[in-house]
Each structure stands twice: as structure tokens, then as C-alpha cells.
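To start, the structure itself, in C-alpha cells.
The values are calculated or read from the model by the stated rules, or taken from the named source; none is laboratory data. The structure displayed is predicted, hence computed values, not measured ones. For neighbour counting, all protein chains shown are included, and Cβ atoms are generated from backbone atoms with ideal geometry for every residue, glycine included. Just the protein is used for accessible areas: all its heavy atoms, side chains included, with ligands, DNA and RNA removed. Shrake-Rupley method; radii C 1.70, N 1.55, O 1.52, S 1.80 Å.
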Amino acid sequence: IGMRLILLLTAAGAVSALPPRNVRRANFDALPADTTDDKLDLVFASALWRHGDRAAEHAVPGCDQFPEDAWTFGGGGYGELSPEGMKMHFDLGRKIRKRYIDDQKFLSSAYNAKEIYIRSTDYNRTLVSAYSNVAGMYSGFGIEGQNFPTKEGANSVPEWPAGYIPIPVHTVDYGTDYVGHPDAKCPRQEQLYGLVKQSPEYQSYINDPQVAQILKYLSDETSTKVTIDNIYDLDDPLFCQSIHIEELNQTDANIADFYPWYYTGDIPAWAAWIIDQDEQFTDGTGNPGGVNGIDVSVEIPKIRAGDTLKLLVSNVDGVLKCRDNMDADACSNFYKKLRYYALSAHDTTLAAFLTILGVKKYIIPEGYPNYSAAILIEVFENRDTKDRFFKVLYHADKNDDFKPITAFVRGCDFKENLCPIAVLDDLVKKYAPDTDMATLCNTPVDGTAFATTAQLVTGSTTSDVPVTTPKTTIPTTHQDTTTSSVSSISLLSALSVMISSFLL
Ligand SMILES: *[C@@H]1O[C@H](CO)[C@@H](O)[C@H](O)[C@H]1NC(C)=O
Ligand SMILES: *[C@@H]1O[C@H](CO)[C@@H](O)[C@H](O)[C@H]1NC(C)=O
Ligand SMILES: *[C@@H]1O[C@H](CO)[C@@H](O)[C@H](O)[C@H]1NC(C)=O
């Protein structure tokens, strides 16, 4: 027991050694409410969301429960959006409608092709989430004969689903989608992960004896090799199955009855803890002092979300240039009437973007963004001074509304809900790639060379299959993760249970 206690002390010490996050969390509750100022005109809004609830990506390793054909919704098979996931996005679309159409009278009530642009990663569940979301935004509010066919007369469609409006969703090849897919093909990112893995911070994490003990336990139970790199592949299907267990088994089954070896004691908490630690190395924040003189806390986010930031800011610039002068050459047609741009993507996309904004450690210190989590970025102009500002809001999950988080953004004033637009340019200077992503990804980190040129990015891939980085700090299938319910508190309470049983 004494040995076990020391091991737990080590691990709990590592978890609880995050005082800044607790301090900022407390302040989060004290943030000013979402205020409006009638001198400020909303001029552009952008949304970035995660898809809704979905099927597992594969079975639990080493277990034959619930193979692919057990998943029947969303077209059937692994990874598809469920009807619950469609509802999450329909509801989010309704909330967006309320904010921008009902409350702020910013967008037209009926769908207007020049006003909005919707982009999705080329993944079934993100595409279907986007369709569901815009259905929530506009369906039922269209004009018969304009937004959809009439019920009577020439070219009528009496069977047309009531009020349904088809709305375009754009996409690009997934393998080289650096805007929506943080793990798009990138030899430079693989090199950076290689560096991270050599760092003392990473080494002390993987050499933690308690971590090794948990991994060995899970390996024994599944008869597979569970490692830091693939433990997510165990946790994620369990999470998805747990949500759908009753429909999967057609009974009022309990997930713990299928996997008693997992749902026991602190095993789920430890698995989540290990995944959370890993995530910090993946997003570049696990090495605040850099590695071998390379600032991975900038270089990794630049690859994972630099292009996402670049797209956002180029949209803002495009809209503002037209606002300055509609007739100037700098005002391109696309932006003349554009007011709203949305990107339908993955938890990894949101996590990487929140990392660049500097807010991830406050908003989601553990786990990944929930299903249908969303970030809104709004740009305002003061009618008198013409000064421009932006506001950032976060929608944590289906039960949440949009909460302003601007105060947490790197470079913004902690007491304010609005931040000068120049702060976005500072973020671009630091985190946006100054070349295109293919060039950046083909550029080795200083003082190194790629092991082989075979991995270089050569433009669009023709395959629909996601191109992923080799096994590094996270599993290659890491498109989505669950939200961990673990907190330092639960680990500390596990510790105090240990202490009390030790004392007894
Ligand atoms: C998407 O759906 C297609 C069939 O339409 C299927 O072949 C493919 O496996 C699915 N892929 C993803 C990544 O969602
Ligand atoms: C799963 O369903 C079967 C019937 O199809 C039932 O016998 C079994 O008890 C269920 N499992 C659990 C753990 O509830
Ligand atoms: C997910 O949503 C729940 C509320 O249902 C919230 O407590 C939790 O913090 C959210 N997680 C993240 C990572 O945002």
C-alpha cells in the first residue's frame, strides 16, 4: 500500500499542478455577461462547430461486441451521424437563427445565397451536421416558389417535405484540408511530434509508473497492446457505445455489464487522464519552454489551426474592405453581401483553434469539445468612430447557449467582452503560416531533414480516405474524442480514499 500511495501521489501531483487553470476558471464565472451596445453594428459573423452525436469508429479493441453492422443509423456503419446528432445541429441552427435573425436582425429571414457560406470537411458526419444545422436555421421560414417548389401548379412538388430548403454546403479534399483537418498530411508536423516525444515533459509523462500499470492492465484485459498512442481507440468506442447501448443491444442494457473490467474503480478516470495529458502534447502546449530551441507551442498550433485562423481573418478583411469601399478593386464580389461563414468540422479542429486563441486551457481544460460545441466570432464596427472590434462566444454543448469568452483570448482585456480587431492581426503574425500549407508542411524544422521524401505533400489526394500522420502522440483515427468526466478533483479524491484506507 505504501508503494501504491507514493505512485498515486506522484500522479495526483502532476494533475493538480495546474493552479492557473483553477484561478482562471473561477474568473470565468465572473465574466461580464454578453452585453450589447447600440453604437456597435455587427458586420460579420463566423461559426466553427463540431458535428453531433455519432456511431463509434470501430469496435472496442480485442472485443467482438457491436461490430460495424450493429450501427444502423445515419446511413449505417461506423462513424455516421445519429438522429440525436442531427437534432443537436438542427437545434444549434435554431439558436443561430434566434441570435442573428430574430434578435439582431442581422441576416435575412429567408435563405439568401449571397449572405451566407457554409463549408464542411469532406466527412459524412460533418456534412450531415451542416445540412441539419442550416435546416434548423432556415427551414420553415422560406418562400414557397422561391426557396422550394410550390405545392400546386406547374413544376409543383406536393410531396416536398414541409418547409424544407436545400442549402449548399461546400467542401474540399479531406487529405489536404488544412483548414478543417488538423491531422491533414504534414511531414513537418510529424517531425515536431518527434521532437515533443524527446522532451523531458513527455518522457516524464510516459515513464509514470502508474500510467504503465494502467496500460498493462488494459492490455491484459483486451489481449491487445494498449499504449499511450492508442488508448483513445479504446476510450472512444466505449463512449459511443455507452450512449447508444440500449439501441445496440435492444434491451435496457448497461455498458458496464459488457465491459466490467473497464468500468471499475478509477480505470475510466485514469484512461481519461492519460488521454488528456497526451492532448497537451498534441496541441503543442505540453512544452511551454519549447524543445531543443524550437517553440513547439507556436509551431504545432500553426500547423493544426494556422490555416483556419488565416481563412477567418481573410474573410473578415474581405468583408471590411467592401465596407470601406464597395467600388474598390480590393472589394471582391464574394464579400459584397457576405455576412455569415460557417465551418463544420471536428473536435480536433475546435481544440486547435481554441489553442491559438489561448482559451483552450480555460474553456476545456479536460477532454475535447463536446458534440455540437461551437465557436462564434463576431465583428463589430462603432457607428461614430468606425473603430472595429471582435467578440468570441462558446457553445459548450446541446444544453448551452452562446457564452462570451473574449476576455480569455490572447491579447484581449480580461474585463472586456470586446477586443480591438488589431488583436486578430497579432494572432495572424504569430500563428498563421506565411506560405501556403503545402510549402510549410514540406519545410523541415530548423536543423533537421525529413527521413524520406516519400511523405511530402504533393497536392490533392484523390482518395476519400483520410490521410493521417503516423502513430505519434495520438492515435491516427483521432477525429473526435469524448469529453472526460475526470477532474483533478476526482483524482485527488481517489487519493484521499487511498490515504484513508492506508490510515485505517
Ligand atoms: C461516407 O459515406 C460513404 C458512402 O456514401 C462511405 O463509403 C464512406 O465510408 C463514408 N465515409 C466517411 C469518412 O464518413
Ligand atoms: C443484451 O441482449 C440480450 C438479448 O438480445 C440479453 O439477453 C442480454 O442480457 C443483453 N445484455 C445486457 C448486458 O443487458
Ligand atoms: C460538455 O458539456 C457539459 C455540459 O453538459 C459541460 O459540463 C462540459 O464542461 C462540456 N465539456 C467541454 C469540454 O466543453
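A single member of N207, N133, N147 is under 30 Å from K310 (Cβ atoms) and away from ligand 3 (no atom under 16 Å from the Cβ), and it is N133. Among residues of the range 256-276 being modelled with pLDDT of 95 or more and buried (at least 19 other Cβ atoms within 10 Å of the Cβ), the one that is farthest from ligand 2 (Cβ to nearest atom) is Y262. Scanning the range 215-225 for residues that are open to solvent by less than 10 Å² (accessible area, probe 1.4 Å) and among the hydrophobic types (A, V, I, L, M, F, W, C) yields a count of 1. With respect to the conditions (1) within 30 Å of N112 (Cβ to Cβ); (2) in contact with a Ser or Thr (Cβ under 9 Å, 6 or more places away or on another chain), I356 lacks only one, and its number is (1). Which residue pairs have Cβ atoms under 7 Å apart, sit 6 or more places apart or on different chains, and have a first residue in the range 289-305 that is polar (S, T, N, Q) and a second that is in a helix (DSSP H, G or I) and surrounded by 15 or more Cβ atoms within 10 Å (Cβ to Cβ)? Once the first residue is polar (S, T, N, Q) and sits in the range 289-305, its partners that are in a helix (DSSP H, G or I) and surrounded by 15 or more Cβ atoms within 10 Å (Cβ to Cβ) give N292/L195. Screening F390, F414 for residues that are in a strand (DSSP E or B) and more than 16 Å from ligand 3 (Cβ to nearest atom) leaves exactly one candidate, F390. Scanning the range 182-220 for residues that are under 30 Å from F258 (Cβ atoms) and without any contact (Cβ under 8 Å) to a residue 60 or more places away in the chain yields I206, A212, L215, K216, Y217, L218, S219, D220. A single entry from Y362, Y371 fulfils the requirement of being modelled with pLDDT of 95 or more, open to solvent by 20 Å² or more (accessible area, probe 1.4 Å) and not charged (D, E, K, R): Y371.
Name the single residue that is surrounded by the most Cβ atoms within 10 Å (Cβ to Cβ) among those in the range 156-213 being touching a Pro at 6+ places or on another chain (Cβ under 9 Å) and hydrophobic (A, V, I, L, M, F, W, C). Taking the candidates together, the pick is A184. Restricting V172, V211 to residues that are within 30 Å of V298 (Cα to Cα) and either at pLDDT below 95 or not assigned by TED's automatic domain parsing to the domain that holds T126 (or both) narrows the list to V211. Of the listed requirements (1) of a type in the set (G, A, S); (2) away from ligand 3 (no atom under 16 Å from the Cβ); (3) in contact (Cβ under 8 Å) with a residue 24 or more places away in the chain, A422 misses just one: (3). The residues in the range 349-371 that are out of contact with any Gly (no Cβ under 9 Å at 6 or more places or on another chain), in a loop (DSSP other than H, G, I, E, B) and within 10 Å of ligand 3 (Cβ to nearest atom) can be counted, and the count is 7.
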